[in-house]
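Below you'll find the structure, written out as C-alpha cells, and then a few comments.
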Amino acid sequence: WKASDIPALARLEPGQSGKISFTVPVVKGFPANANPKNIAIKSVATIDSPDIKSTLTGNKTIASNLLQVKVGALVALQVSPFFSGDHITNTGPLPPVVGSETTYTIRTKVASSSNDLSQARITFVLPSGVVYKEKSYPNGETVEWKARTNELVWEVGILSSGKEKEFQFQVAITPNQSQVGKDVELVKTATFEAKESFTKKEVITERAKVTNYLEQDKAVTEQSGFVKATP
C-alpha cells in the first residue's frame, strides 16, 4: 500500500497499530498432473519500510507467522431416475397412467474431489405416494428403510479421495387423477453427510427434488414424466 491510499499507515509510532484488508482469488481447479489430496494454502506476510534508517537491515523487515488454511473436500452428488437398467428391472406404462403402477430406479453417484471421508451416509426422503420396493444394488450395501418418515438411508461408509461410489434402488408410483398432465416427484431431498479426515470437519451436500423425467435415460423413447389419464 501507499501512504496516500491508507493515511493511517503512513507512519506507525511505537504502540500504534493499523489495519488493511484485501482479497486474493484462488484457482478453480487443480492441474491434471497434481494429486489433489490434503491440500493446504500456506501464506506469510512481510512488512518493511525503506524510509526508516537503520544500520541493521533485519530490523526493517518484519514477517508474520505462517498462516495455513486446509482445503476441504468438494463432494459431487448425482441422483437421477432411470427406467432401463441391467441390475433392476422396472415395469409399468411410460409415461405413467392414472391407476397403474410404474416403477423407477434411482441411481446415485457420489465422489470426493479431495480428502478421504468417513462415516458417510446419504438420506433419501421420499414423498408420500412413492413406495420403496425393497430392491437395491449392489448387494450387501447397508440400507435402512424408515417407513414412518418415508426415508431410505444408505450407509456409504468410507469414501476415498478421487473414488466414486454408486447405489441404486427401486421406487414405485401409482398416479391419481389430480396428477394428470404433471410430472411426479420421486425424491424430495437426498442429503450426503460425512466426516473429513484432513480438516476434521463435517461435510454436508444436498440434492433436491428428483422427478420422473427420464432425461439421463437414453435407452427409453418416452422420457416425459407427465401423467396420462386412464384410457
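Observations on the model:
- For the chain, alpha-carbon Rg relative to the globular expectation (2.2 N^0.38 Å, N residues): 1.59
- Simple Cβ-charge dipole of the stretch 157-231, Lys/Arg +1 and Asp/Glu -1, about Cα centre, in debye nearest 20: 160
- Rel. contact order, % - alpha carbon contacts under 8 angstrom, at least six apart, the chain: 22
- Applying the Kirkwood pairwise sum to the alpha-carbon positions of the stretch 105-168 produces a hydrodynamic radius of 12.7 angstrom.
- Candidate lysines for bridging to Lys2, where Cα separation is under 17 Å - those fewer than 8 sequence places away on the same chain excluded: Lys19, Lys60
- Three-way shape call for the stretch 113-229 based on the alpha-carbon gyration tensor, with the a/c threshold at 1.5: prolate
- Members of Lys133/Lys218; Lys146/Lys218; Lys133/Lys182 lying beyond 30 Å, as alpha-carbon distances in this model show: Lys146/Lys218
- The stretch 60-101, Rg to Rh (Cα coordinates; Rh as Kirkwood inverse mean 1/r): 1.60
- Cα centroid separation - the stretch 173-231 against the stretch 89-160, whole Å: 10
- The aspartates and glutamates whose alpha-carbon is closer than 14 Å to the alpha-carbon of Lys70, local same-chain residues fewer than 8 away aside, are Asp116, Glu196, Glu202.
- Sites excluded, chymotrypsin sites (Phe, Trp or Tyr not before Pro) in DSSP loops with at most 12 other C-beta within 10 Å, longest stretch of the chain: 23-231
- Assuming charge only on the beta carbon of Lys and Arg (+1) and of Asp and Glu (-1), the dipole of the stretch 59-211 about its Cα centre is about 520 debye to the nearest 20.
- Of the solvent-accessible surface of the chain, computed with a 1.4 Å probe and all protein chains present, 51% belongs to carbon and sulfur.
The values are calculated or read from the model by the stated rules, or taken from the named source; none is laboratory data. Quick caveat, the model's predicted, so the values are computed rather than measured. Ideal geometry is used to build each Cβ from the backbone, glycine not excepted, and the neighbour counts take in all protein chains shown. Keep in mind that these areas ignore ligands, DNA and RNA; they rest on the heavy atoms of the full protein, side chains included. Shrake-Rupley method; radii C 1.70, N 1.55, O 1.52, S 1.80 Å.
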